[in-house]
Amino acid sequence: MNNPQQSDWFHGDSSQPDNLSASEKYLMLVNHMQQGFCIIEVLFDETGQPLDYRFLEVNPVFEQQTGLVDPVGKTMRELQPAHEQHWFDTYAQVVKTGQPIHFENQAAHLAGGVWYEVFAFPFGPATNHQVAILFDDITARKKAEAALRASQKQQTYLLKLADTLRMYADQPNMPTIACQLLAQELGAIRVNYAEVKTNTYVVEHEYHSAGLSSMIGQYAISSFRPNEQTAFKAGRTVVISDIEAEANVTDEQVAAYADLNVRAFISVPLLRHGKLVVVLSAIREQPGPWQPEEISLVEETAERTWTAHERARAEETLRASEQKYRTLFDSIDEGFHISELIYDQAGQPVDYRFLEVNPVFEWQTGLQNTVGRLSSEIAPNVESYWLQAYHQVVQTGQPIRIENYNQATDRWYTAYTSRVGGADNRQFVVVFDDITERKQAQEALRHSEEQFRMLVTASSDIVYRMNPDWTQLHRLIGTTFPADIQDSNATWLQTYIPAEDQPQIQQLIQEAIRTRTPFELEHRIMRADGTIGWMFSRAIPMLDEQGTIQSWLGASSDITARKQAEEVLQESNRRKDEFLAMLGHELRNPLATVSNLLLVLELTDGTDENLSYPKAVRLMSREVRYMTRMVDDLLDVGRIRYGLIQLHKQPIDLVTLVRQTVEVAQPLYEQQQRQLSLALPPYSLVMQGDETRLKQVLMNLLTNGLKYTQPAGHVWVSLELADNSALSKQALLRMKDDGIGIAADRQEAIFDIFVQGETTLDRPQGGLGLGLAVVKQLVALHDGSIEVRSEGPGQGSEFLIRLPLTLEVSGSVTTGPSISSSAKSKGRVLVVDDNQTLADMTARLVELSGYEAQTSYSGADALLVAQQWRPDMMLLDLGMPHMDGFEVKRRLTEQPWGNTISVIALTGYGQEPLKAQTDQAGFAAYLLKPLNLLRLRELLRAIMPPGNSDS
Ligand code: ADP
């Protein structure tokens, strides 16, 4: 209620201050001052309790500072019913005490909660209950003071937090402690520290006040409200002062929050490198606004706790890894050291210092107390390659592996070296291992491999290795025939194997690969010299643990010589078989003839008209002669083969020998309508020779001349002096015919044993293919040679025999007796043989040769007959029962008349030792059974020459 009087006074004219009254001056002061001013009347009830107060006067600032409009005449409770009671009490106290009062207080409901500094004093007499109030709005100062207080509190808290975090740095529950601290500071009922792990919040650390359930556990991010999720992802703090007042919150969410006693909260997300790592939440049970300093407190706590926790974790990881490496270095089997290279002034590495070593280092090197010392102090003269290697590593930063020897320890090492740190660092790490044993084992292996190789190369000519499918040949080490290769050779098949053999070899190889069994084959091979040889090859598959072929190891030997020998052997076997078949055939014919003739004689008592006795004898002796010659040849072949032929050489005149032999053959030629011409030089050609054997040679060729010419064919024999120098004289005997001739490719072979021109069994000429072989050998035994010439089949043949002559012609040349079928009986011959038929027949032969003959069928009888009849010559069988030939001869020698008898030994065995024995026993000569008539006649003549018929 306005009092116009008072108001006028209060708002009085102030234009003339000097003339103003005291009250005017006071009013002016009040109206112009910056403080608020009012006069109130405190209203009491009957008991003296203050009820209210009424504004009596206010100045202009009053309304500004209180926000109360037009207050004069109104009471405070009318204007602001919520005004705090203490205001009324305070002003009542001023009235009652009459004492002024100065204080500061807040009026929460005035002008948005203003703080005032107030000076109140009694105005006028105590009975009118008036109080003058001078006041000032000190809200700004109060806020500043509060902020200061809050920041001091925050600082204290943060210091405490820092101390705590530091104190619990190595404790895994550090965030739990931080949660506790924060809850205390904020008066929160819960604080959660949730780490974010792949779309899940993992709460491992929390604080909750007593009686509440724990929130430890995992929560899907999706279980949070979308606006919270978005804020967290963006790193924005979420501040909720009352969850129930939030928009977008469901009833279930409210219920869920209520379950956990959550009503207001601050959640601070932390991003690292754009990723959410942790959310720290402080929770209150009651709704209410969060102060900025509270929010920043939670933010600070989140930041600091996470950082400290991360650091602790990193330190722990580092410590663990260091521990791990320390354990590793201490427990590895390899030696290990960290050292520092030392350079001289020229920048050359000269030494190194050990900085750290592991236990194995000492154990492997045997070096003690190395740390801090120079390598040169511990082991002088370390090989320069180690130093150079370390230098290289330090220079380039590139790790290297070295395998080398160290003399100081007399061991081999493999060492892995790398630089420690950056480019300007001279430290290096060496991890090394003693490989001496491995080296020794390798060496032993190499040695044994070498030995094995030597062994293999000693026993075979080639060693090779093949890849599993035999497409590559590796390292063919050959001592001989195929060219060596060093590189793998994919064309080995074409290089070494003749084209026509390749399919077979390929097939066998595939079979060996399939069955994983050794490959073994004798096969042909192209030799380095271009010829084709034979090889025996064996390769073994090298299998791994799974049984897969890793390679093939092979060895081969040159078996060319053996193969050739086998071929020769096969060929000669074949020939021998042929020969035996032929021999049977050849013997059967004459045998059949003889037995037929004998049958005829026996049936007719020799009176058959068509077969006179002489004719039968002639025919039979022809067959026997033929068989004898075959047997002789056979025996000769055997003797020649085994070197048993001994020549009885003496000077002979070849001219005479040729003439005599041709004379013997002449009748045969005439019989078979062949012409035999002879051309001899007018002088003697003397050589050292075995007369019998040389005649055999000639006779053989003459017989072939008969066999291999047609009827009316011609054989020319000539002898000449072919070579006549001071140093050598040579006779050349030619036998030329116009017969069937010999193909060029056969000319060499005909001198081989069992070789004949034709191989059919039905051969008109007969023969065993031995003759020329014997001839060739006999000529060779006389140091001569034989060759054949023929223009080919049907062109005739010519045999040329060259024989060495003696340089000086001796006077005592055996000319031999000339043969004559018309010789008269010129001496007596006693034929002794237990085979009566043979004895009789031989006696008959002797008679037919013009001598007298008698027979004895036992040794004793022979001695009797000899004593009475006194023969000139005795043909004495050696192998007789009761008294053998040697005994007869011995007894004869004891008789004075016995020595005049020339005793000739007869034997069917034909062995050379017997001959020697007979020589020794004083036999004049030695004859083989069956008798060779020619030889017999020669002997008869030699012993009883025709001129001595009277003796
Ligand atoms: P054989 O006459 O018993 O068969 P040889 O050793 O005397 O045995 O002769 C070997 C082969 O030489 C004969 O089979 C024949 O083919 C050939 N031969 C020998 N002499 C002559 C020749 N004068 N004319 C043609 N071929 C001959």
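The values are calculated or read from the model by the stated rules, or taken from the named source; none is laboratory data. In this text, all values refer to a predicted model and were calculated from it rather than measured experimentally. Note that each Cβ is placed from the backbone with ideal geometry, even for glycine, and that neighbours are counted across all protein chains shown. Areas reflect the complete protein model, heavy atoms only, side chains present, ligands, DNA and RNA absent. Shrake-Rupley method; radii C 1.70, N 1.55, O 1.52, S 1.80 Å.
Note on Leu79: accessible area is roughly 50 Å² with a 1.4 Å probe, heavy atoms of protein only. Residues whose amide H falls under 5 Å from that of Thr855, counting only those 5 or more places apart or on a different chain, are Val831, with hydrogens built in the peptide plane.
Within the straight-line cut-off of under 18 Å between alpha carbons, the aspartates and glutamates reachable from Lys96 are Glu41, Asp45, Glu46, Asp52, sequence neighbours fewer than 8 places apart in one chain being disregarded. Near Tyr157, once Lys and Arg are set to +1 and Asp and Glu to -1 for all other residues with Cβ below 12 Å from its Cβ, the sum equals -2. Taken one residue at a time, the phi angles of region 495-511 give Karplus couplings (6.51, -1.76, 1.60, θ = phi - 60°) of 6, 10, 10, x, 3, 6, 8, 4, x, 5, 5, 4, 5, 5, 4, 4, 5 Hz. Gly and Pro are set to x. For the pair Glu78 and Asn610, the difference between a 0.36 nm per residue extended length and the Cα-Cα distance amounts to 171.7 nm. Estimated from helical segments only, the mean residue ellipticity of the chain at 222 nm is -13000 deg cm²/dmol, where each DSSP H run of four or more residues counts as -39500 (n - 2.57).
With 0.36 nm allotted per residue and the present C-alpha distance subtracted, the Thr517-Ile378 stretch has 44.2 nm of extension available. Its Kirkwood hydrodynamic radius, worked out from the mean inverse distance over all distinct Cα pairs, puts region 24-140 at 14.2 Å.
Taking all protein chains together and rolling a 1.4 Å probe, His102 ends up with roughly 120 Å² accessible. Couplings 3J(HN,Hα) for region 225-238, derived from phi with the Karplus relation 6.51 cos²θ - 1.76 cosθ + 1.60 (θ = phi - 60°), are 5, x, 5, 5, 4, 4, 4, 4, 4, 8, x, 9, 6, 9 Hz, where x marks Gly and Pro. Paramagnetic label reach from Arg272 (point 7 Å along Cα→Cβ; backbone nitrogen cut-off under 12 Å): within region 174-199, residues 195-197. Accessible surface calculations at 1.4 Å, restricted to protein heavy atoms, place the chain at 53 Å² per residue. Checked against a 27 Å cut-off, the cross-linked pairs Lys729/Lys776; Lys695/Lys929; Lys729/Lys915 give Cα-Cα distances beyond that limit for Lys729/Lys915. Only protein heavy atoms count here; on that basis, with a 1.4 Å probe, Met880 has an accessible area of about 20 Å². Once the Cβ-Cβ distance of His32 and Asn248 is raised to the sixth power relative to R0 = 51 Å, the FRET efficiency obtained is 0.40. Each Lys or Arg adds one and each Asp or Glu takes one away; over the other residues whose Cβ falls under 13 Å from the Cβ of Leu318, this sums to 0.
With both labels modelled 7 Å from their Cα along Cα-to-Cβ, the Gln666 to Leu43 distance reads 20.5 nm.
Length gained on full extension, Arg538 to Lys649: 34.4 nm, using 0.36 nm per residue less the C-alpha separation. Spatial offset of region 573-651 relative to region 366-382 amounts to 106 Å, using the alpha carbon center of each. Dipole orientation for the chain: of the candidates Thr75, Tyr857, Ile402, Tyr857 has the Cα lying most toward the positive pole (charges on Cβ; Lys, Arg +1; Asp, Glu -1). For the chain, the Kirkwood hydrodynamic radius comes to 46.1 Å, computed from all pairs of different C-alpha atoms. A 1.4 Å probe over all protein chains sorts Thr661, Thr806 by accessible area into Thr806, Thr661, starting with the largest.
Pairs of alpha carbons in region 460-611 separated by more than 22 Å make up 57% of all such pairs.
Net charge of the neighbourhood of Glu334, taken over other residues with C-beta under 11 Å away and scored Lys/Arg +1, Asp/Glu -1, is -3.
Positive-end ranking of Asn199, Ala565, Pro100 along the dipole of the chain, with charges on Cβ about the Cα centre, is headed by Ala565. Projected over every direction and averaged, the convex hull enclosing the alpha-carbon atoms of region 582-728 yields 12.2 nm².
Looking at region 828-943, what % of the alpha carbon pairs are farther apart than 18 Å? Value for region 828-943 (Cα pairs over 18 Å): 42 percent.
Taken along the Cα-to-beta-carbon direction at a fixed 7 Å, the label points for Asp70 and Ser241 span 3.3 nm. What are the lysines whose alpha-carbon lies under 18 Å from the alpha-carbon of Lys143, with same-chain residues fewer than 8 places away excluded? List returned: Lys153.
Computed from the Cβ-Cβ distance with R0 of 35 Å, the FRET efficiency linking Tyr405 to Asp330 stands at 0.80. Annotation: amide H of Arg411 within the under-5 Å range of Asn406, sequence separation 5 or more or interchain, hydrogens built in the peptide plane. Within straight-line reach of Lys233, meaning a Cα separation under 17 Å, sit the following lysines at least 8 residues removed in sequence or on another chain: Lys197, Lys275. Couplings 3J(HN,Hα) of region 801-806, computed from phi: 10, 10, 10, x, 9, 6 Hz, in residue order, whole Hz [Karplus 6.51 cos²θ - 1.76 cosθ + 1.60, θ = phi - 60°; x for Gly and Pro]. For region 332-433, the Kirkwood hydrodynamic radius from C-alpha pairs, put into Stokes-Einstein at 10 °C and a viscosity of 1.306 mPa s, yields a diffusion coefficient of 118 µm² per second.
With a simple spin-label model that places each label point 7 Å from the Cα along the Cα-to-Cβ direction, the separation between Glu303 and Leu508 comes to 9.0 nm.
For Asp690, the residues whose amide H sits under 5 Å from its own are Gln650, ignoring neighbours fewer than 5 places away on the same chain, with H placed 1.01 Å from N. Ordering Ser612, Pro681, Thr628 by Cα displacement along the dipole of the chain toward the positive end leaves Ser612 in first place; charges were set at the Cβ atoms of Lys, Arg (+1) and Asp, Glu (-1).
Placing a label point 7 Å from the Cα of Thr495 along the Cα-to-Cβ line, the residues of region 520-537 whose backbone N sits under 20 Å from it are 523-537. How tilted is helix 384-396 with respect to the longest principal axis of the chain? Cα atoms for both, answer in degrees (0 to 90, nearest 10). Approximately 40 degrees, to the nearest ten. Counting only protein chain heavy atoms and rolling a 1.4 Å probe, the accessible areas of Thr327, Thr237 rank, largest first, as Thr327, Thr237.
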